[in-house]
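Below: the structure, in structure tokens.
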Amino acid sequence: MAVDALFQPVVLFFLLGALAAFARSDLAVPEAVAKTIALYLMMSIGLRGGGEVAHTGLTSAILIAGACGLALSFLLPLPAFWALRKLGKLDRTNAAAVAAHYGSVSVVTFAAGSEVLRAIGMAPAGFMVAVLALMETPAILTGLWLAKRGQAQGDAIAPRGGLLHETFFNGSVVLLVGSFIIGVIAGEKGFAPIAPVFDTLFKGMLCVFLLDMGLVAARRLMDNRALNLRTAALALSLPVTNGTLGVTLGLAAGLDAGSAAALGILAGSASYIAVPAVMRLALPEANPGLYLGMSLAVTFPFNLTLGIPYYAWVASHLHGMI
Amino acid sequence: MAVDALFQPVVLFFLLGALAAFARSDLAVPEAVAKTIALYLMMSIGLRGGGEVAHTGLTSAILIAGACGLALSFLLPLPAFWALRKLGKLDRTNAAAVAAHYGSVSVVTFAAGSEVLRAIGMAPAGFMVAVLALMETPAILTGLWLAKRGQAQGDAIAPRGGLLHETFFNGSVVLLVGSFIIGVIAGEKGFAPIAPVFDTLFKGMLCVFLLDMGLVAARRLMDNRALNLRTAALALSLPVTNGTLGVTLGLAAGLDAGSAAALGILAGSASYIAVPAVMRLALPEANPGLYLGMSLAVTFPFNLTLGIPYYAWVASHLHGMI
Amino acid sequence: MAVDALFQPVVLFFLLGALAAFARSDLAVPEAVAKTIALYLMMSIGLRGGGEVAHTGLTSAILIAGACGLALSFLLPLPAFWALRKLGKLDRTNAAAVAAHYGSVSVVTFAAGSEVLRAIGMAPAGFMVAVLALMETPAILTGLWLAKRGQAQGDAIAPRGGLLHETFFNGSVVLLVGSFIIGVIAGEKGFAPIAPVFDTLFKGMLCVFLLDMGLVAARRLMDNRALNLRTAALALSLPVTNGTLGVTLGLAAGLDAGSAAALGILAGSASYIAVPAVMRLALPEANPGLYLGMSLAVTFPFNLTLGIPYYAWVASHLHGMI
Amino acid sequence: MTETIIRRRIEVLADEPLIPAIERIAASAGIEHYTLLPTQGGMGHSGRWRDDQISGATAKVMFMAVTTEDGAERLTDLLSPLLATHPLMLLISNVEVIRGLRFD
Amino acid sequence: MTETIIRRRIEVLADEPLIPAIERIAASAGIEHYTLLPTQGGMGHSGRWRDDQISGATAKVMFMAVTTEDGAERLTDLLSPLLATHPLMLLISNVEVIRGLRFD
Amino acid sequence: MTETIIRRRIEVLADEPLIPAIERIAASAGIEHYTLLPTQGGMGHSGRWRDDQISGATAKVMFMAVTTEDGAERLTDLLSPLLATHPLMLLISNVEVIRGLRFD
Ligand SMILES: Nc1ncnc2c1ncn2[C@@H]1O[C@H](COP(=O)(O)O)[C@@H](O)[C@H]1O
Ligand SMILES: Nc1ncnc2c1ncn2[C@@H]1O[C@H](COP(=O)(O)O)[C@@H](O)[C@H]1O
Ligand SMILES: Nc1ncnc2c1ncn2[C@@H]1O[C@H](COP(=O)(O)O)[C@@H](O)[C@H]1O
Ligand code: NA
Ligand code: NA
Ligand code: NA
């Protein structure tokens, strides 16, 4: 199963990109296109999730999953912060910034994970997209609270509308939530004519995107001056512990094995789009080389290759036991 | 019907983009991609229209519709110019520039309108694409004539090939006309292998484009210093009067209700791609904030949400009466 | 047959682009998108070729075709170099740089050629993609050897990893070979979910790309100061002789008519992506206006319109005779 | 011969998300007009960066304004405390503009 | 030590559709060589603009040429009447180039 | 009033594939920090070029570094022999930076 997951074209294109970057090839996906594919993936995930929720209606399972997701996103930064301070030897600001990334989620990890789960017959429920959207922002709030405790406020360069505004109206949050709502409104009938773009093309587009992710992650790893053994080890152990916690909580709350695995993937994944954008504004002293190095260059590749199969394995084995 | 039209995903994505911009979200579609989708839409519209004309051949209805379109594009700038001078209090140059925009057409409004008409069983004839192409340029000629009457000629910065050259070889005109001709030459058999791109993906691509249009239109509205109450009111009343005139003329000339509605959409729409590009060269003293503010930030959203259903409603009610 | 090939939408869009550029229209495809489509075409060609090889397995025909391709790529620069020196009156460096382009191959010419061959019932074998990949680099080695014979080495600006590294890890080489391998690994089952992107959309994407190629080639021709009658004539005669040689060799080696025609297309085509990128580094004194002018602005349009049908004609007539 | 006068060109390289704040600070220094220029990559104390739009967070933009000696000084005074803590680069140079056009 | 000489750097910010005309005017001032640089947005008397390619009409490009004192004066003289009526910004500054390379 | 000091701004316009080599040469001149700026097209002795990414070979990038007088001289000395044979343009000018920040 894990091996099958590794030989999916999406994963292979990620590895191709990473190998090309390590070999110092000049291969590059133009950034404007890579960004557009990221937007496309969010639109597609949102629309399809919304469509499924329109189909099933608001069930208690949705509310439970949503509550689990919110709790995870709010609370996961706390133990992460502790570990980053004590084991990672990071200062308060950097530890808080990194902790926020690990409490939040990665949309592309979720997308790739859902495809894998579907392929092995553990398709997660459609409403997990809503959980994904719910989990993007709470961790940012916890992270900012951790960073600012007992610190003088008032930065000349702080965003005018306040950080909360930046957090909730971050482009990727708006697009994911908006597409989800459009998916709910449009329903199956409204989605049908746009399905050729937002459904049929999804996996192929993911291949192009992951080729670029491989290039970007590997180049970032090579350029990086911020990672050391301690932080790299944390970038591997945080997803494992968070993911295991997510799966366990999901199963304990009564979710099906596929949805619990998806919750584990969300908990184990680390943001590299929404959270860095806010952190650059909110905590400019924090080192982007560190938080993007950890989330994008270490945790993302780990989750894509080993993490996802592991969370699925945990979910399928714990299911029935809990 | 009008309500149904408003809940199409294409319209909802436009609204999402506009809301994101008003909320000062950092959501943005990279411009290189937005421009490519605009090119794609023109290729697709041209090819499909050409294919339909290849199918039906050159009928008298085509000639009549073409004559109506030409007449509208040449003449609509005249009353518009008068209104912009008298009611809008604009100087000659700005009034002429804006009038040219309203005599010309918006390709995306036509595209969205055609989808709506098709959805409500009033599909316009395929040759309306040829009418669209015919209507792009004559208004520019009228506008330039209005601006230059009695003025000294010879601008050091004027394009070498002359303004007529810029008008007829504007990129969007060339691409639309060229794709139409390719569609005619290729016929159904030639179109089949490229239909997955130029037909199947059309509505989904329109969603991405309209998301960007929402962002661009709303940001332009917020940045705008050129619009005032008078000009904004004209940006709402010009499409209504021009559109009603277009529908009426179409029905009077014997077009079917769908094609007459499409002629109304064309007459009521205002250019924001081809005409501004020419005006920037031909009338550099005219204020782009004004003409793009009116056509892109006011008239386009109006047409997309209320105008199109209104023109369809007029066409279906007047049909049979005339 | 040749006429049919000329009226394919892909060719028509190329002509449209060229006409627009010659008419000094401002039509332009954003470069970021054009580059991405080039990457897409390589991914798609690689994946599909790899998939077919996974299906048929490693046959003796593959080994023979590969050997022919390698031989052609290594050796074709030699007579080309002689002709460019004697007939083209080029200095050693420029002659060597141009010769390398003509020994190597054009991925898009191959793609367009394969579509034409398929359309006329002469579909080449899937493994010809592997031959394409094999033929990209050897000509560069021959070209560099021709240029550097008896010259002082050691350029301050030379790439650190050495020129061989740049040659083999050139982005387009890596992507084509990598996608081919992914295609082999994924097989039919793995390819199915991404086929909507990498198979169904192929011809339509090729249309958009060729529109841009028409613009780029024609603008390059107009801006060019490096081409003269001699070099332009060579840019027409080199593909014809190389292509005829390729077809003949392919048939003599026992390939089917379609694959021999494809070998002719490869031999007759000239690189304008991989080789220029290496030459810019390896032979900075060579004139890019010359080698890109010849390969992109003369040979590519020739092959697309007349060359491909000619190679197909030769293959179908010689087949059985040899 | 067209007469020219000397003005100051201020350039500020900053992370894209900080640009609205820079615009605001410039306005508070009386500098209303500016031009934004794209960048592609670079290397500084904090390492190598590339215009990597996936996480747009590390893309940088060059803010450029032509202003008077006084305007430049006001903006420099407002920005210089930030230069120590924030990832900004500030450059000032002389530039000639045509006398009679407004650059203040 | 490589010897350098002083030349003039002229920069003209203009709407993209006007660039061919600027190139033509520069050529008529004897300036054949130039570089075009992209821009991303800005703010001027006519308000805020962004590189909005949908209607490419308002995108701007920076035309930059290094030339002699005389060349710069000729181009300034040709452009300055246009600056009042057209949306252009013209900047001139000194720049050193390596003696012996052609910059005239 | 914030105190400024004068440094040298070196700009090198080079073909994109040559940029890693330029970075290396700059480092060997002791210049570690730089910024890369995109370009869009231009005209020189070798004719007109456009940012044509299909064959990325002819796209150009502007390498820009702010450094000391000495650093600038070292880099100029290293690059000037290449200027004759390679398609490079090198410009040097003065720029003021804030005293106390590192630009060496
Ligand atoms: N001396 C310099 N010359 C040119 N660009 C610089 C210089 N120092 C810093 N930069 C730019 O400013 C960015 C941030 O610098 P730093 O804060 O030192 O990492 C770098 O990545 C470069 O793009
Ligand atoms: N003082 C200035 N500094 C920098 N850029 C300017 C300045 N004034 C004008 N610009 C640029 O030139 C454009 C046109 O200026 P304007 O004609 O004043 O609207 C503006 O949008 C800016 O991008
Ligand atoms: N005098 C100049 N002013 C501005 N840019 C120049 C100048 N000379 C050369 N360039 C740029 O440098 C490139 C290469 O120059 P060349 O080697 O002369 O072809 C040109 O295409 C221009 O983009
Ligand atoms: Na997480
Ligand atoms: Na109209
Ligand atoms: Na060849």
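From the list C:Gly293, C:Gly320, which one is of a type outside the set (Phe, Trp, Tyr) and either part of a helix (DSSP H, G or I) or in contact (Cβ under 8 Å) with a residue 40 or more places away in the chain (or both)? Spell out how you get there, then give the answer.
Values: C:Gly320 fails: either part of a helix (DSSP H, G or I) or in contact (Cβ under 8 Å) with a residue 40 or more places away in the chain (or both).
Checking each option against the conditions leaves just C:Gly293.
A single entry from C:Gly46, C:Gly88, C:Gly51 fulfils the requirement of being out of contact with any strand residue (DSSP E or B) (no Cβ under 8 Å at 6 or more places or on another chain) and more than 27 Å from C:Lys189 (Cβ to Cβ): C:Gly88.
Within 27 Å of B:Arg118 (Cβ to Cβ) and surrounded by fewer than 18 Cβ atoms within 10 Å (Cβ to Cβ), is that true of B:Ile322?
On the way: within 27 Å of B:Arg118 (Cβ to Cβ): yes; surrounded by fewer than 18 Cβ atoms within 10 Å (Cβ to Cβ): yes.
Criteria met by B:Ile322.
Hey, does region C:282-289 have a residue that's in a helix (DSSP H, G or I) and over 22 Å from C:Ala18 (Cα atoms)? Don't jump to the end; show me each part of the working.
Of region C:282-289, the ones in a helix (DSSP H, G or I) are C:282, C:288-289.
Now drop any that are not over 22 Å from C:Ala18 (Cα atoms), which leaves C:282.
The answer is yes, given that some residue of region C:282-289 is in a helix (DSSP H, G or I) and over 22 Å from C:Ala18 (Cα atoms).
Reported count of residues in region E:1-34, each being in contact with a Pro (Cβ under 7 Å, 6 or more places away or on another chain) and more than 14 Å from chain B (Cβ to nearest Cβ), is 0.
Does A:Asn242 meet the test of being more than 16 Å from ligand 3 (Cβ to nearest atom) and within 21 Å of D:Ala59 (Cβ to Cβ)?
Numbers: more than 16 Å from ligand 3 (Cβ to nearest atom): yes; within 21 Å of D:Ala59 (Cβ to Cβ): no.
For A:Asn242, the condition - more than 16 Å from ligand 3 (Cβ to nearest atom) and within 21 Å of D:Ala59 (Cβ to Cβ) - is not met.
Determine, yes or no, whether E:Ala14 is touching a strand residue (DSSP E or B) at 6+ places or on another chain (Cβ under 7 Å), crowded, with 19+ Cβ neighbours inside 10 Å and not in a strand (DSSP E or B). Show your work before the answer.
Details: touching a strand residue (DSSP E or B) at 6+ places or on another chain (Cβ under 7 Å): yes; crowded, with 19+ Cβ neighbours inside 10 Å: yes; not in a strand (DSSP E or B): no.
It is false that E:Ala14 is touching a strand residue (DSSP E or B) at 6+ places or on another chain (Cβ under 7 Å), crowded, with 19+ Cβ neighbours inside 10 Å and not in a strand (DSSP E or B).
Tallying residues that are in a helix (DSSP H, G or I), facing chain C (nearest Cβ under 9 Å) and among the charged types (D, E, K, R) within region A:21-59 yields 1. Please verify whether region B:260-278 includes one or more residues that are at pLDDT 95 or above, crowded, with 24+ Cβ neighbours inside 10 Å and over 13 Å from the mean Cα position of the chain (by Cα). Within region B:260-278, one or more residues are at pLDDT 95 or above, crowded, with 24+ Cβ neighbours inside 10 Å and over 13 Å from the mean Cα position of the chain (by Cα).
Determine, yes or no, whether D:Val97 is in contact with a Phe, Trp or Tyr (Cβ under 6 Å, 6 or more places away or on another chain) and either within 7 Å of another protein chain (Cβ to nearest Cβ) or part of a helix (DSSP H, G or I) (or both).
Numbers: in contact with a Phe, Trp or Tyr (Cβ under 6 Å, 6 or more places away or on another chain): yes; either within 7 Å of another protein chain (Cβ to nearest Cβ) or part of a helix (DSSP H, G or I) (or both): yes.
Yes: the conditions hold for D:Val97.
Quickly run through region B:193-223 and pick out the residues that are among the charged types (D, E, K, R) and in contact with a helix residue (DSSP H, G or I) (Cβ under 6 Å, 6 or more places away or on another chain). Full working, then the answer.
Here is the first cut: in region B:193-223, the ones among the charged types (D, E, K, R) are B:199, B:203, B:212, B:219-220, B:223.
Listed by number, the residues that qualify are B:Lys203, B:Asp212, B:Arg219, B:Arg220.
Where residues in region C:68-104 are within 14 Å of another protein chain (Cβ to nearest Cβ) and of a type in the set (A, V, I, L, M, F, W, C), which of them is nearest to ligand 4 (Cβ to nearest atom)? Checked region C:68-104; the qualifying residue nearest to ligand 4 (Cβ to nearest atom) is C:Ala100.
Selection over region F:65-91 of residues that are modelled with pLDDT of 85 or more and either crowded, with 21+ Cβ neighbours inside 10 Å or closer than 25 Å to F:Met1 by Cα (or both) gives a count of 13.
Evaluation of F:Arg102 against the conditions (1) in a helix (DSSP H, G or I); (2) more than 13 Å from chain C (Cβ to nearest Cβ); (3) surrounded by fewer than 20 Cβ atoms within 10 Å (Cβ to Cβ) shows that the sole unmet condition is (1). Taken over region D:17-41, residues that are under 11 Å from the mean Cα position of the chain (by Cα), closer than 23 Å to E:Leu90 by Cα and in a helix (DSSP H, G or I) amount to 2. Does B:Leu16 satisfy the criteria of being surrounded by 22 or more Cβ atoms within 10 Å (Cβ to Cβ), free of Cβ contacts under 8 Å to residues at least 60 places away in the same chain and part of a helix (DSSP H, G or I)? Spelling it out, it is not the case that B:Leu16 is surrounded by 22 or more Cβ atoms within 10 Å (Cβ to Cβ), free of Cβ contacts under 8 Å to residues at least 60 places away in the same chain and part of a helix (DSSP H, G or I). Of all residues in region B:180-223, those that are small (Gly, Ala, Ser), within 14 Å of chain A (Cβ to nearest Cβ) and crowded, with 21+ Cβ neighbours inside 10 Å total 3. From the list A:Val98, A:Val108, A:Val129, the one residue that fits, being over 25 Å from A:Met294 (Cβ atoms) and among the β-branched types (Val, Ile, Thr), is A:Val129. A search for C-beta distances below 8 Å between a residue of region D:14-38 that is under 16 Å from E:Arg50 (Cβ atoms) and any residue that is charged (D, E, K, R) and in a strand (DSSP E or B), counting only pairs 6+ apart in sequence or on different chains, returns D:Glu16/D:Lys60; D:Thr35/E:Lys60.
Regarding region C:224-233, can at least one residue be identified that is more than 7 Å from every other protein chain (Cβ to nearest Cβ), away from ligand 4 (no atom under 16 Å from the Cβ), out of contact with any helix residue (DSSP H, G or I) (no Cβ under 9 Å at 6 or more places or on another chain) and not in a helix (DSSP H, G or I)? Within region C:224-233, one or more residues are more than 7 Å from every other protein chain (Cβ to nearest Cβ), away from ligand 4 (no atom under 16 Å from the Cβ), out of contact with any helix residue (DSSP H, G or I) (no Cβ under 9 Å at 6 or more places or on another chain) and not in a helix (DSSP H, G or I).
In this entry, D:Arg74 is excluded by the filter for residues that are within 11 Å of chain A (Cβ to nearest Cβ) and farther than 18 Å from E:Trp49 by Cα.
The values are calculated or read from the model by the stated rules, or taken from the named source; none is laboratory data. Owing to the predicted nature of the structure, the values given are computational and were not obtained by experimental measurement. Here the Cβ is made from the backbone with ideal geometry for all residues, glycine too, and neighbour counts use every protein chain on show.
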